[in-house]
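The values are calculated or read from the model by the stated rules, or taken from the named source; none is laboratory data. Computed from a predicted model, the values in this text were never measured in an experiment. Cβ placement follows ideal geometry from the backbone for every residue including glycine, while neighbour counts extend to all protein chains displayed. Protein only, heavy atoms only, side chains kept; ligands, DNA and RNA dropped before computing areas. Shrake-Rupley method; radii C 1.70, N 1.55, O 1.52, S 1.80 Å.
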Amino acid sequence: QVQLVESGGGLVQAGGSLRLSCAASGNIGGINAMGWYRQPPGAQRELVATITSGGSTNVANSVKGRFTISRDNARNTVYLQMDSLKAEETAVYYCYANIRVRYTNTYLDYWGQGTQVTVSS
């Protein structure tokens, strides 16, 4: 009923930039928070940044000042601009959204399939 489709991952040199996008589609009645998590090889999934429908953000300390999260509510899309990337930020990046399916009253968490970001040193 609901899908999150990510795009924008790839290979970049350390110090470079990438922009991730994630569009939510389907039978959507409303969206609360959207955001990004990442899972480095052999490690647990961790928060990168989230943004509410009103634009309030929560950004991990490790990426503050380098990553910017933004959102287009009309397009149900969240973006992550990543600058000054480091090799240790190589990971699968997952899109997240808290969504209410139309004609229901409950918000549920949905995840994208993940997009690989590889930062070469």
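Within the chain, what percent of beta bridges assigned by DSSP are antiparallel, to the nearest 5?
Roughly 90 percent of the beta bridges in the chain run antiparallel, per DSSP.
How charged is the neighbourhood of residue 93? Take every other residue with its Cβ under 11 Å from the Cβ of residue 93, and add Lys/Arg as +1 and Asp/Glu as -1.
-1
So with the 1.4 Å probe, I'd like the accessible area per residue for the range 55-120, rounded to whole Å².
Solvent-accessible surface per residue comes out at 53 Å².
Heavy atoms only, probe 1.4 Å: what % of the accessible area of the range 1-62 goes to carbon and sulfur, would you let me know?
That share works out to 44 percent.
As an exercise, identify the trypsin sites (Lys or Arg not before Pro) in the range 72-121 lying in DSSP coil whose Cβ has no more than 14 other Cβ atoms within 10 Å.
Within the range 72-121, the qualifying trypsin sites (Lys or Arg not before Pro) (loop, at most 14 other Cβ atoms within 10 Å) are 86, 102.
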